[in-house]
There are 4 protein chains.
Amino acid sequence: MDWTLQNNQLCRSFKFKNFQEAFSFMVRVAFVAEKQNHHPNWSNVYNEVHIALCTHDAGNTVTERDYKLAKRINAILGE
Amino acid sequence: MDWTLQNNQLCRSFKFKNFQEAFSFMVRVAFVAEKQNHHPNWSNVYNEVHIALCTHDAGNTVTERDYKLAKRINAILGE
Amino acid sequence: MDWTLQNNQLCRSFKFKNFQEAFSFMVRVAFVAEKQNHHPNWSNVYNEVHIALCTHDAGNTVTERDYKLAKRINAILGE
Amino acid sequence: MDWTLQNNQLCRSFKFKNFQEAFSFMVRVAFVAEKQNHHPNWSNVYNEVHIALCTHDAGNTVTERDYKLAKRINAILGE
């Protein structure tokens, strides 16, 4: 999965060619997050995106909802 | 300006009604950043966006380029 | 509503200050459309957006689903 | 190039897997268009995007600016 568990969050960092590619990826993730009604804690600087997933309603622990979103994010990248 | 200087960064937090509004604001900022070729260090969780600006080419200090981008971000919000 | 019925479609044209504002509006509409799983037939040139709504599954006639989407699009503009 | 000249416009139609993929492609194109300050005449229905390029300042004929944008749009698709 390339995601790691850190401090009760499912995390992964992504690197793209430039800002346009990084932000376009974020748009794709935003659609998926909105559809699953499960939103990432994420940050971006230029061509880098860092995503951390946890479930607020489950006391900020990692649940099935986070793994589901992580899998869909991987699918965006063709993984 | 509503921006504060913290650790050599020009910072501001924004709160919106929901994720869609927060992310649409990010799209607006992304266009401006790309046009100015000056990109924010920013993060988002649901309806909250935090932006930190500094100039990499100036040893990560705050320069005119950061104030210019901050003003344009304010303009997006009608400020 | 400012929408008109033309050839079995619910239509409205929108004019913005520039391309960035027009396209950011489209991003907002895209989120709503995706959430309602009901997508517009729309076009854009620079600061202009034209939207035409009809329901494919109802023989391309205007149904409640189109009025619902039109109302949400108006809400994006604060109407 | 896969683009065709029709009525003094450089045109191409694109088909994607679904709306999310089609609209994310549009976001990529929007960034490029804004950077080149040259905007497409385009439309979308669900997974289909149609783009028509011409240069307003040149009496709505096809110029080098249109070919330049077309090439960049192809590059987005890895072509």
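The values are calculated or read from the model by the stated rules, or taken from the named source; none is laboratory data. Here the structure is a predicted model, which is why all the values come from computation and not from measurement. Glycine gets a Cβ as well: all are built from the backbone with ideal geometry, and neighbour counts include every protein chain shown. We work out accessible area using only protein heavy atoms, side chains counted, and drop any ligands, DNA or RNA first. Shrake-Rupley method; radii C 1.70, N 1.55, O 1.52, S 1.80 Å.
Taking the Cα centre as origin and putting +1 on Lys and Arg beta-carbons and -1 on Asp and Glu beta-carbons, what dipole magnitude results for region C:31-70, to the nearest 20 debye? Provide the component values of the computation, followed by the final result.
On the way: 3 positive and 5 negative charges, 17 e Å.
In debye, rounded to 20, region C:31-70 gives about 80.
If you take all other residues with their beta carbon under 13 Å from the beta carbon of C:HIS38, and give Lys and Arg +1 and Asp and Glu -1, the sum is +1. Residue of chain B with the Cβ closest to the rotation axis carrying B onto A, and that distance rounded to whole Å: B:SER43, 2.
Take the Cβ atoms of C:ASN47 and A:GLN6, set R0 to 51 Å, and the FRET efficiency comes out at 0.70.
The residues of region B:8-79 have, on average, 44 Å² of accessible surface per residue, using a 1.4 Å probe with all protein chains present.
Between chains C and D, what is the buried accessible area in Å², counting both sides, with a 1.4 Å probe and ligands, DNA and RNA left out, to the nearest 100?
On the way: alone 5150 and 5140 Å², together 8910 Å².
For C against D, buried area totals roughly 1400 Å².
Shown is the FRET efficiency for C:ASN18 and A:ALA58, computed with R0 = 35 Å from the Cβ-Cβ distance and rounded to the nearest 0.05: 0.20. Against chain B, whose longest principal axis comes from its Cα atoms, helix B:64-76 is set at around 20 degrees.
Placing pseudo-labels 7 Å out from each Cα toward the beta carbon at D:ASN37 and C:ASN37 gives an inter-label distance of 4.5 nm.
Compared with its chain on its own, region C:1-23 contains the following residues whose accessible area drops by 20 Å² or more in the full protein assembly (probe 1.4 Å; ligands, DNA and RNA excluded): C:PHE19, C:GLN20, C:GLU21, C:PHE23. Considering helices alone, the calculated mean residue ellipticity of chain B at 222 nm is -13000 deg cm²/dmol, with DSSP H runs of length four and up weighted by -39500 (n - 2.57) and normalised per residue.
The mean sequence distance of close C-alpha pairs (under 8 Å, at least 6 residues apart), as a share of the length of region D:1-73, puts its relative contact order at 36 percent. Separation of region B:40-57 and region D:14-79, taken as the distance between their Cα centroids, equals 29 angstrom. Per-residue mean of foreign Cβ neighbours for A:30-43 is 5 (Cβ atoms of other chains, 10 Å radius). Legend: distances between Cα atoms for A:LYS17/D:LYS15; B:LYS17/C:LYS35; A:LYS17/C:LYS35; A:LYS35/D:LYS68; pairs beyond 28 Å are A:LYS17/C:LYS35; A:LYS35/D:LYS68.
Other residues within the sphere of radius under 12 Å centred on the Cβ of B:ALA75, judged by their own Cβ, net out at +3 (K and R +1, D and E -1). Can you tell me the orientation of helix A:19-36 relative to chain A, as the angle in degrees between its alpha-carbon axis and the longest Cα principal axis, to the nearest 10? With rounding to tens, the tilt is 30 degrees. Computed packing ranks the peptides B:56-68, A:43-55 as A:43-55, B:56-68, most packed first, by mean other Cβ atoms within 10 Å.
If chain B were replaced by its equivalent ellipsoid, with semi-axes equal to the square roots of 5 times the Cα gyration tensor eigenvalues, what would those be, largest first, whole Å? It would help to have the intermediate numbers written out before the result.
Numbers: eigenvalues 84, 34, 25 Å².
Computed over chain B, the values are 20, 13, 11 Å.
Within a Cβ distance under 14 Å of A:PHE23, other residues only, what is the Lys/Arg minus Asp/Glu net charge?
Numbers: positive: A:LYS15, A:LYS17, A:ARG28, B:ARG28, B:LYS35, D:ARG28, D:LYS35; negative: A:GLU21, A:GLU48, B:GLU34, D:GLU34.
Residues close to A:PHE23 contribute a combined charge of +3.
Shown for D:THR61: label points 7 Å from Cα along the beta-carbon vector, and their distances to the equivalent points in the other copies, 4.9, 5.3, 7.1 nm in ascending order.
Ascending distances from the A:THR4 label point to its copies in the other chains, with the point 7 Å along the Cα-to-beta-carbon line: 3.1, 5.2, 6.0 nm.
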